[in-house]
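What follows is a set of notes on a single structure, which appears directly below.
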């Protein structure tokens, strides 16, 4: 860790507003990138981001300068996104989706690697919230279904089912946008 970042973190641990502002600026884009994957609008992403920074500043005294600071704040951003989902979207059931044609469609597994970030982000944002959050946690973040189940207060089976449906829905969206052909 470079000395400048260490000094900024130390200042944040002493509740120094100038250092808090510096830390915010340093990690704004990093946090916004994470939050944008879970948000449906940039406004939501910024709200998640700001909630995360509040938690980071409240808990920064727990950071012991062991390991990467980015690694320490990463789960804070993810948890804030999950909290936002639980607060605003959890009780809304996903709308029924027409997945019949997508279930039999052939989509190359590397289709996502050929998409730009914004295209993939738009696909994720078009998913119903419950599918989007499980997709992000499982595929993007790498959480296990047992961990997702605990985070979202759902069963492991529901987590697996939501991930499967998210993938099917994304497949249907890809086919609908003629990004690949149905073979």
Would you check if there is a residue in segment 48-58 being more than 23 Å from residue 137 (Cβ to Cβ) and either touching a helix residue (DSSP H, G or I) at 6+ places or on another chain (Cβ under 7 Å) or modelled with pLDDT of 95 or more (or both)? yes
Among residues belonging to segment 37-46 that are over 16 Å from residue 86 (Cα atoms) and in a helix (DSSP H, G or I), point out the one that is modelled with the lowest pLDDT. 42
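Every residue in segment 130-144 that is in a helix (DSSP H, G or I) and surrounded by fewer than 20 Cβ atoms within 10 Å (Cβ to Cβ), please.
Listed by number, the residues that qualify are 139, 140.
The values are calculated or read from the model by the stated rules, or taken from the named source; none is laboratory data. These figures come from a predicted structure and were not determined experimentally. Quick reminder, even Gly has a Cβ in these numbers, built from the backbone with ideal geometry, and neighbours come from all protein chains shown.
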